[in-house]
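Heads up: the structure comes next, in structure tokens.
Read the figures in this text as sums done on the coordinates, not as results from a lab. Because the structure is predicted, anything quoted here is derived from the model rather than measured. Every residue, glycine as well, gets a Cβ built from its backbone with ideal geometry; the counts of neighbours run over all protein chains shown.
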Amino acid sequence: MAEDKKKKSAESEKADDKENKKAAAPEKTDDEAKKSDEKPKDDKKELLDDDDAGDLILEHQRESIPLTRENAVFTRSKGNLISLKLTKPDGEVEEFERVVVMRAFPISNPDEFLSVREPDTKRAGQGHEIGMIRHMSDFDDATQKLFLEELDRRYFSPKLIKILSVKDKFGYLYWDAETTSGHVTFIMNNPFSNIRVLDDGRIIMHDIDGNVFEIPDSSKLDKTSFKKIEIYL
């Protein structure tokens, strides 16, 4: 009997210890329980998903192609703009109601490397490049005239005929000159950087507003005009 009582007493103490330990253990919060139920993230899968998203974006990118007389026909559209009928390498024909023509090298190579692009829009943003024209002279005269009309509007660059005066005020040069587009006055800073002599002898001048003026041949300027610019060459 005594042994049975000892046995029951020991079992009772063990049961009490278990209850005490259970009561002492902190309960899991809702956030902790949620985290324990969540499956571990698959970083590799997320990385692949990101790559796939990039691939989808690239799928919508247009690939620029060389434009020649064989695959590109340019015509004048309504409003004196330029339209393009393009034959792709796979034979598919794509028509553009309007395209814009831009110079890749407007100063050094104005008639080469012409970028033909879709126009910018508020909805789609910057227009994508459709293709590149290596030499403007590869196209017929009528097409070249279209290009030049567009380029002249975009790159207004009057030629200086005569320099009337140059005044230095507070580090800025104030120019007064006659050009092929009439009488102009413009302001320039840092003339030793903004007046450049090209390899072909042309002189290019940039004012503070981003306008470009050109002197095709400085030797044809009158002596007074040349003296006003000579110091900066």
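Here are the numbers for this structure:
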| item | result |
| --- | --- |
| Gain in span if fully extended, residue 69 to residue 154, counting 0.36 nm per residue against the direct Cα distance | 28.3 nm |
| Modelled FRET efficiency - R0 41 Å, residue 90 with residue 193, Cβ distances, 0.05 increments | 0.30 |
| Long pairs among 169/220; 122/145; 145/220; 85/122; 88/122; 162/228, criterion Cα-Cα beyond 20 Å | 169/220; 122/145; 145/220; 85/122; 88/122 |
| Protection-proxy order for peptides 139-147, 90-98, 181-189, each taking the mean of Cβ atoms within 10 Å per residue, highest first | 139-147, 181-189, 90-98 |
| Inverse of mean 1/r across different Cα pairs in the range 65-154, Kirkwood, Å | 13.4 |
| Coordinate range along principal axes, alpha carbons of the range 137-233, Å, largest first | 49, 27, 24 |
| Cβ-Cβ FRET estimate between residue 169 and residue 223, R0 fixed at 30 Å, reported to 0.05 | 0.75 |
| Sites residue 124 and residue 211, calculated FRET efficiency, Cβ-Cβ separation with R0 30 Å, nearest 0.05 | 0.55 |
